[in-house]
Amino acid sequence: MSANPPLLVADQLTKYFPLPGGRKIHAVDQVSLTIHEKEVVGLVGESGSGKSTLGKTLIGLHPRTSGTATYRGQPLPQRYRPEDFRYWAPKTQMIFQDPYSSLNPRMTVGEIVGEGLQLHTKLSAAEIRDRAGDWLKRVGLEPDHMSRYPHEFSGGQRQRIGIARALILEPEFVVCDEPISALDVSVQAQVVNLLDELKTSMGLTLLFIAHDLSMVRYVSDRMAVMYLGVIVEIGPASDVFFNPKHPYTEILVASNPEPDPASERNRRSATVTGEIPSPVDVPPGCRFQGRCPKVMDVCRHETPRLKPVSEDPGRQVACHLYGS
Ligand code: ADP
Ligand code: MG
């Protein structure tokens, strides 16, 4: 019998955003996902596929429409009240994509980094200042940056501030939402390395959302691929990257830019053709059917469920090519 429940279990998690006239955006549709303690799960997929919404819904930043979620076996509220945030925020945190818009321009860096302690602990102002200073050092900034404002910092430095703000409460589970997408290529690796270091030293569990599949493979234990609100493939990160099974994953991998020009030349030059359909009018059957190079008749009317691929333990694929 296994001793501990997984850190996080989402079951049929759904988040719709209502539109006027009773229509709705199917941002996340019946996603089931288990994340184990100290695991890094990478989440990839085109813009608009629901990655951020899934991450935010998992930690209560959006109320969920339906489905359930548990944390160490304890049910997470469907809609967080202020007391739920007080209880859960020290355990679950988020690092946001855009370090320009996610830091309040009117607060000093010390106030931004210390805010979590101010809201969630009874520490004195002096203690909070001390800890904020320690955290600035820990993310590679200077303690005397505390009295400055976000606009005085570069993108990479701002993301370090965002990391300190999220981690000062010593959470266990952190959603990293494209933490390097808005940064210059030259500083991306530094921020990834910092996160990797903090993950190891703090024993963090991460949901790591990103565009760059080779980077996700590098930082993640497992990789999940999302398309139009659903997970279409999940498995050990290297397996998914080097041996993709879902036609969408195949195309994503093939179109992922390679830093090495030699291997870039050897790649198949596949790209996903056409636009991602509107999440308001999701296609019947498989959501990828309209763009899938391997589409079959069954795909147009039967929705494939995410299920294990028999010859490959640990891999799950939602595709009729792998049986119905
Ligand atoms: P991704 O992070 O993969 O780019 P998102 O989760 O941001 O995707 O978005 C998924 C869908 O939900 C998109 O169609 C987006 O426009 C919509 N959406 C996201 N956030 C909101 C919101 N707060 N209100 C209404 N629609 C939203
Ligand atoms: Mg996003």
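Our coupling estimate for region 298-313, obtained by passing each phi through the Karplus curve with A = 6.51, B = -1.76, C = 1.60 and θ = phi - 60°, is 4, 5, 7, 10, 10, 7, x, 8, 5, 8, x, 9, 4, 7, 9, x Hz, Gly and Pro reported as x. Rolling a 1.4 angstrom probe over the protein heavy atoms with all chains in place gives the chain an accessible area of 48 Å² per residue. Taking 4.7 Å between C-beta atoms as the pairing limit, the chain has these partnerless cysteines: 176, 292, 319.
Taking the Cα centroid of region 83-110 and of region 121-179, what is the distance between the two, rounded to the nearest whole Å? Value for the Cα centre distance between the two parts: 10 Å.
For region 1-94, the orientation-averaged shadow of the C-alpha convex hull comes to 7.1 nm² (one quarter of the hull surface). FRET efficiency for the pair residue 193 and residue 78, taken as 1/(1 + (r/R0)^6) with r the Cβ-Cβ distance and R0 = 35 Å, rounds to 0.40. Taking 0.36 nm per residue of separation and subtracting the Cα-Cα distance, full extension of the segment from residue 312 to residue 68 would add 85.1 nm. The per residue volume of the convex hull around the alpha-carbon atoms of region 103-170 is 72 Å³. Treating each Cα of the chain as one equal point scatterer and applying the Debye formula with no solvent, the log10 of I(q)/I(0) at q = 0.10 Å⁻¹ comes out as -0.61. Using Cα positions and a limit of under 23 Å, work out the lysines in reach of residue 199, with same-chain residues fewer than 8 apart set aside. The reachable lysines, counting only those whose Cα sits under 23 Å from residue 199, are 38, 51, 56, 91, 137.
The values are calculated or read from the model by the stated rules, or taken from the named source; none is laboratory data. In this text, all values refer to a predicted model and were calculated from it rather than measured experimentally. Cβ sites come from the backbone with ideal geometry, for glycine too, and all protein chains shown count toward neighbours. For the accessible areas, the whole protein counts, side chains as well, though only heavy atoms, and no ligand, DNA or RNA atoms are used. Shrake-Rupley method; radii C 1.70, N 1.55, O 1.52, S 1.80 Å.
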